[in-house]
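Student: Let me give you the structure first, and then I'll get to my questions.
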Amino acid sequence: MKVAGLGQCSLDYISIVRDYPKENTKEEILDLTVQGGGPVATALVSLGRLGVKTSFAGVVSDDRAGAEIKKGLKEEGVDIRGLKVRKGGKSQTAVIVVNKKSGSRTILWQRPTVKALQKDEVNEAFIKGKDFLLLDGLMKDASIKAAKIAKKSGVPVMLDAGRVRPGMIELIELSDYVVGSEEFAKGLKLPPKDALLKLSAAGKTVTITLGERGNITSQNGIIFNQRAFKVKAVDTTGAGDVFHGGYIYGLLNGWDIKKTVEFASAFAALKCLKPGGRAGIPTLSETLRAVRR
């Protein structure tokens, strides 16, 4: 099984505090963790932990953060030949403040200051022969070209729709699976269920994630809810990214959509037991045990 992903990669600084601080005050950090992050990058890492071969395309600069991002992906076995290094700028970074009481997180992030991945930097070899393509839509032109190559090559496409961005409607049309956040549904100016019905009308499988309320999915006119798995969350950073990885894993294994979404939900929930988007990614056996329970 092989999956390609094109999108964001980041270096995350995760700070756990007793309470989210008020403006113009000080708050002691209880724990500081530095990990690689980014929606597509973390989803690929989660797939790698499940034994799937992965390839990533994106951009970093030649700064310290870029070096750490590359190192983290290589250590996880991700093929980074599609990762472009631009000189003289800043790679994407994020400062994440986690509330110890609830596990909720607030993300302050800076996008790369270097040029985004260009469509002429996306080649057919990156996508052909893969079993799946994951996109987050941030780099519009490159994402659209990748999706078109995938459709031509018979490679299924999943869109991680975190929010409504330029080019997102065209990407939705090119995608087979759309997994969007509640914020994305609001960006469409629709309640989650109405967003499902609208997006799935063209025969796509659509899931809208609702945080601790679980998620709702539509496939072939059938709509169902999946409750969230109950855990004592330490940090919810990256839960959505790991959810996407688990979702693709289920599809790669030919599971029906209900089993796929259930597995992805458990996979994402268990991740929340440790700080950061990657440290807590569970094993396959741990996730299957949680599903059985």
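The values are calculated or read from the model by the stated rules, or taken from the named source; none is laboratory data. Bear in mind that the values here come from a model prediction, so they are computed numbers and not experimental data. Backbone-built Cβ (ideal geometry, glycine too); neighbour counts: all protein chains shown.
Student: Mind counting the residues in the range 103-114 that are assigned to a loop (DSSP other than H, G, I, E, B) and either loosely packed, with under 13 Cβ neighbours inside 10 Å or touching a Cys at 6+ places or on another chain (Cβ under 7 Å) (or both)? Steps first, please.
Tutor: At the first step, the residues of the range 103-114 found to be assigned to a loop (DSSP other than H, G, I, E, B) are 103-104, 111-114.
Add one more test, that the residue is either loosely packed, with under 13 Cβ neighbours inside 10 Å or touching a Cys at 6+ places or on another chain (Cβ under 7 Å) (or both), and what stays is 103.
Selection size over the range 103-114: 1.
Student: Let me ask something additional. Please verify whether the range 34-57 includes one or more residues that are assigned to a loop (DSSP other than H, G, I, E, B), out of contact with any helix residue (DSSP H, G or I) (no Cβ under 6 Å at 6 or more places or on another chain) and over 21 Å from Lys2 (Cα atoms).
Tutor: Applying the first criterion (assigned to a loop (DSSP other than H, G, I, E, B)) to the range 34-57 yields 38, 50-52.
This time we only want the ones that are out of contact with any helix residue (DSSP H, G or I) (no Cβ under 6 Å at 6 or more places or on another chain), so: 38, 51-52.
Next, from what is left, pick out any that are over 21 Å from Lys2 (Cα atoms): none.
For the range 34-57, residues assigned to a loop (DSSP other than H, G, I, E, B), out of contact with any helix residue (DSSP H, G or I) (no Cβ under 6 Å at 6 or more places or on another chain) and over 21 Å from Lys2 (Cα atoms): absent.
Student: For the structure I just gave you, tell me whether Gly66 is of a type outside the set (A, V, I, L, M), crowded, with 19+ Cβ neighbours inside 10 Å and in contact (Cβ under 8 Å) with a residue 60 or more places away in the chain.
Tutor: No, not satisfied.
Student: Looking at Gly180, Gly203, Gly221, Gly167 in this structure, which one is within 20 Å of the chain's Cα centre (by Cα) and surrounded by fewer than 22 Cβ atoms within 10 Å (Cβ to Cβ)? Quick ask: steps written out before the conclusion?
Tutor: Values: Gly180 fails: surrounded by fewer than 22 Cβ atoms within 10 Å (Cβ to Cβ); Gly203 fails: within 20 Å of the chain's Cα centre (by Cα); Gly221 fails: within 20 Å of the chain's Cα centre (by Cα).
Checking each option against the conditions leaves just Gly167.
Student: Among the candidates Lys258, Lys193, Lys186, single out the residue that is assigned to a helix (DSSP H, G or I), out of contact with any helix residue (DSSP H, G or I) (no Cβ under 6 Å at 6 or more places or on another chain) and at pLDDT 95 or above. Don't jump to the end; show me each part of the working.
Tutor: Numbers: Lys193 fails: at pLDDT 95 or above; Lys186 fails: at pLDDT 95 or above.
Lys258 is the lone residue from the list that is assigned to a helix (DSSP H, G or I), out of contact with any helix residue (DSSP H, G or I) (no Cβ under 6 Å at 6 or more places or on another chain) and at pLDDT 95 or above.
Student: Look through the range 118-144, keep the residues that are among the basic types (Lys, Arg) and within 19 Å of Asp79 (Cβ to Cβ), and return whichever of them is surrounded by the fewest Cβ atoms within 10 Å (Cβ to Cβ). Step through it out loud before you land on a result.
Tutor: Of all residues in the range 118-144, those among the basic types (Lys, Arg) come to 119, 128, 130, 140.
Restricting the remaining residues to those that are within 19 Å of Asp79 (Cβ to Cβ) gives 128, 130.
Numbers: Lys128: 14, Lys130: 20.
Applying the filter and picking the extreme gives Lys128.
Student: If you don't mind, another one. Please verify whether the range 131-145 includes one or more residues that are under 15 Å from the mean Cα position of the chain (by Cα) and part of a helix (DSSP H, G or I).
Tutor: So in the range 131-145, the residues under 15 Å from the mean Cα position of the chain (by Cα) come out as 132-139, 143.
Next, only the ones that are part of a helix (DSSP H, G or I) stay: 143.
Looking through the range 131-145, at least one residue is under 15 Å from the mean Cα position of the chain (by Cα) and part of a helix (DSSP H, G or I).
Student: Look through Val178, Val155, Val98, Val164 and report the one residue that is closer than 24 Å to Gly246 by Cα, in contact with a Pro (Cβ under 9 Å, 6 or more places away or on another chain) and either among the hydrophobic types (A, V, I, L, M, F, W, C) or part of a helix (DSSP H, G or I) (or both).
Tutor: Working: Val178 fails: in contact with a Pro (Cβ under 9 Å, 6 or more places away or on another chain); Val155 fails: in contact with a Pro (Cβ under 9 Å, 6 or more places away or on another chain); Val164 fails: in contact with a Pro (Cβ under 9 Å, 6 or more places away or on another chain).
Result: Val98 is the single residue among Val178, Val155, Val98, Val164 that is closer than 24 Å to Gly246 by Cα, in contact with a Pro (Cβ under 9 Å, 6 or more places away or on another chain) and either among the hydrophobic types (A, V, I, L, M, F, W, C) or part of a helix (DSSP H, G or I) (or both).
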